[in-house]
Amino acid sequence: MKSIFVSSITPRSGKTVITLGLALNSKVFTGFFKPFQEKMITVNGHLVEEDAYLMQSIIDFEASTSELCPFPRESIPSLTMDQVVEAYERVSKGKELMIIEGVEFITAGFLYGLSGFDIVERLGSDFILLSNADQDSLDRLAMIKHYMDYRGIPLKGVILNFCDDVGLENFLRSKGIPVLGSMPYTPSLRTLHVFEIVEELNGIVLAGNENLSNAVEKIIIGAMSRESALRYFERVPNKAVITGGDRNDVSLAALETSTACLILTGGLLPSQEVIDRARSLGVPLVSVRDDTLTASEAIDRMIARIDPNDEKKIKLIKEEVARNIDVSRILR
């Protein structure tokens, strides 16, 4: 049985997209395993690991999400490699290919002998490393490749995120770093949904519950006058507007244009007129306790979730990974 270990050296490097894309392009019986939990989400009243839920829903129906991703990250100091391997072997039985997803930092667990390096060594997996294309990330990448050479761990290759620079790929190859391809920036893969924002900000939905699946293409802070806001809002469709809960003028201006949701900050409730208008239009109206700046920064840090029911996005992931990554080299 072949296994592929996918990990990264920086946050938000496209790990979930690559993992799912490889699984979707595999032509053999494929399984998934992620030793350590990262982001937990609520599904049907139960907490599940986000990536495990996605892969269980699309790829590996045989195991539960708790089997696909069994260990809380904070439990690493008390775990042994044997426990990790036992959990892996339970879900890998009968599979022709296993895709193993590490956490966002390849070095996580290093102090306890449970880093990505250690797991790859123990399982004999092919090692794929994801990196952003900024200078700091590339410096880390070069250092990690040097460490892997010292330790005798082969690197199958690197995938660069948010990059379409063939020259950079060739430069890395000249430094002895194998490159499997680059994923360009794809706006539709970065699209958030309103329900993700509600969960992230612990928001209270005052109206528009029926449209929490609305896609959010742009975030706008409504800190201007009503007239300026209206002119700006008219040019931006499918947006989330973040404004103070007491800025009824800005809220009403947003509701006159194509707005995916209104996020009202400071724990302040809007006027009844705003609530009634949002309810009649079906626009989600979300109250959060954070101030406007804190809320906008939290949303900016979010990674768009891949919903198992989002057939359009899943199809796009399969196509983009096949188009931009040397999938045949990875899977053979």
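The values are calculated or read from the model by the stated rules, or taken from the named source; none is laboratory data. Model, not experiment: these values are computed from the prediction. Heads up, the Cβs are rebuilt from the backbone with ideal geometry, glycines too, and the neighbour counts pull from every protein chain shown. Ligands, DNA and RNA are stripped out before the accessible areas are found, and what is left, the full protein with its side chains, is counted by its heavy atoms. Shrake-Rupley method; radii C 1.70, N 1.55, O 1.52, S 1.80 Å.
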Filter the range 125-142 down to residues that are assigned to a strand (DSSP E or B) and either open to solvent by 10 Å² or more (accessible area, probe 1.4 Å) or over 27 Å from V84 (Cβ atoms) (or both), then give me how many there are.
2
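The rows are residues; the columns are (1) at pLDDT 95 or above; (2) assigned to a strand (DSSP E or B).
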site: S7; (1), (2): yes, yes
site: L20; (1), (2): yes, no
site: A23; (1), (2): yes, no
site: F32; (1), (2): yes, yes
site: Y53; (1), (2): yes, no
site: E62; (1), (2): no, no
site: E67; (1), (2): yes, no
site: S75; (1), (2): yes, no
Exactly one of (1) open to solvent by 10 Å² or more (accessible area, probe 1.4 Å); (2) touching a Leu at 6+ places or on another chain (Cβ under 8 Å) is unmet by E62. Its number?
(2)
Please specify each residue of the range 111-124 satisfying the condition of being in a loop (DSSP other than H, G, I, E, B) and buried (at least 22 other Cβ atoms within 10 Å of the Cβ).
L114
Cβ-Cβ under 6 Å pairs, at least 6 apart or on other chains, the range 8-35 side in contact (Cβ under 8 Å) with a residue 60 or more places away in the chain, far side of a type in the set (F, W, Y):
F33/Y88; P35/F71
Condition (residue is among the charged types (D, E, K, R), touching a Ser or Thr at 6+ places or on another chain (Cβ under 8 Å) and either part of a helix (DSSP H, G or I) or at pLDDT below 95 (or both)) applied to the range 85-98: is it met by at least one residue?
no
I'd like the residue in the range 82-109 that is open to solvent by 30 Å² or more (accessible area, probe 1.4 Å) and farther than 16 Å from V28 by Cα and, out of all such residues, is nearest to the chain's Cα centre (by Cα).
E104
Looking at the structure I just gave you, is S213 open to solvent by 60 Å² or more (accessible area, probe 1.4 Å), of a type in the set (G, A, S) and touching a Phe, Trp or Tyr at 6+ places or on another chain (Cβ under 7 Å)?
yes
From the options A278, A295, A304, residue that is modelled with pLDDT of 90 or more and either open to solvent by 40 Å² or more (accessible area, probe 1.4 Å) or within 19 Å of the chain's Cα centre (by Cα) (or both)
A295
Go through (1) under 21 Å from the mean Cα position of the chain (by Cα); (2) acidic (D, E); (3) open to solvent by less than 30 Å² (accessible area, probe 1.4 Å) one by one and return the number of the condition E199 breaks.
(3)
Among (1) open to solvent by 10 Å² or more (accessible area, probe 1.4 Å); (2) out of contact with any Leu (no Cβ under 7 Å at 6 or more places or on another chain), the one test that K145 misses
(2)
Answer yes or no as to whether L168 is touching a Pro at 6+ places or on another chain (Cβ under 8 Å), open to solvent by less than 40 Å² (accessible area, probe 1.4 Å) and either free of Cβ contacts under 8 Å to residues at least 60 places away in the same chain or among the aromatic types (F, W, Y) (or both).
no
Options L54, L68: the member that is in contact (Cβ under 8 Å) with a residue 40 or more places away in the chain and open to solvent by less than 40 Å² (accessible area, probe 1.4 Å):
L54
Pull out all pairs, ordered by first then second residue, where Cβ-Cβ is under 6 Å, the residues are six or more apart or on different chains, the first lies in the range 136-149 and is more than 19 Å from S115 (Cα to Cα), and the second is loosely packed, with under 13 Cβ neighbours inside 10 Å.
none
